[in-house]
Amino acid sequence: MNRRLNRMLSVLLAALCVSALPVPVSAGGGSRPVYAEDIQNGTYEIEAETLNSSMFRIVGCTLTVTDEAMTARVTLSGKGFGKLYAGRGAEADRADEGAVSSFGEDEEGRHTFEIPVSALDTSVPLAGWSIKREQWYDYNVVFHSESLPDGAVTKPGNGWILPVAAGAAALALIGTIAAVGIKRKNRTGGAS
Ligand code: HEM
């Protein structure tokens, strides 16, 4: 019975420790969002990844950071999308005209768009207007800060990992000590 109790307690403590471990918020390496104020002003090439579709492929992205705002010039793989909106399609038709980006073309005729970017390393909503089907499609995109040049990010998004890891290690230690204590107590029949 005591052994069972011990095992249950150990499992409970282990679960507590595991629950203290960092949970990734994006597919982009498990760091917290990085905002404009965390990045040096400038213009950078950045990688962008669509999480929920292979039909909305960003093949080029230039990020411009000015004080507390970021914009991106996004190049899509094809010519199927005519407009882009930094939000959900359902909101796009009600949004201010200036908030919806119509396409330009790069030297290879691919469609490019200018959009605001709220944060890097976290999933942001982007809606694409299908020219052929005349409707909005919703996508989730991550702009990856790790693809920026060294020194561009002044406050790395994963700065919290060390303190959280230290907390988890402390919890694990306390758990082990408690488990050993309980085991000893049981072995001596509870007499102390
Ligand atoms: C049920 C089947 C499919 C549906 C409903 C669908 C729907 C769409 C839609 C709505 C778009 C947005 C742009 C546009 O309308 O042209 C799109 C783009 C695209 N799809 Fe599909 N698709 C399907 C199957 C496929 C398959 C089988 C492939 C390739 C293996 C594919 C490759 C692409 C590519 C490359 C684009 C980007 C085109 C561009 O931007 O010019 N799709 N698809």
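None of the figures in this text is laboratory data; all of them are computed from the coordinates on show. Worth saying up front: this structure is predicted, and the values here are computed from it rather than measured. Heads up, the Cβs are rebuilt from the backbone with ideal geometry, glycines too, and the neighbour counts pull from every protein chain shown.
Within region 130-137, can one find any residue that is among the hydrophobic types (A, V, I, L, M, F, W, C) and away from the ligand (no atom under 16 Å from the Cβ)? It would help to see each step written out before you state the result.
Going through region 130-137, the residues among the hydrophobic types (A, V, I, L, M, F, W, C) turn out to be 131, 136.
When the remaining residues are screened for being away from the ligand (no atom under 16 Å from the Cβ), the result is none.
Scanning region 130-137 turns up no residue that is among the hydrophobic types (A, V, I, L, M, F, W, C) and away from the ligand (no atom under 16 Å from the Cβ).
Which condition breaks for residue 98 when tested against (1) touching a strand residue (DSSP E or B) at 6+ places or on another chain (Cβ under 6 Å); (2) away from the ligand (no atom under 15 Å from the Cβ); (3) of a type outside the set (Phe, Trp, Tyr)?
For residue 98, the exception is condition (1).
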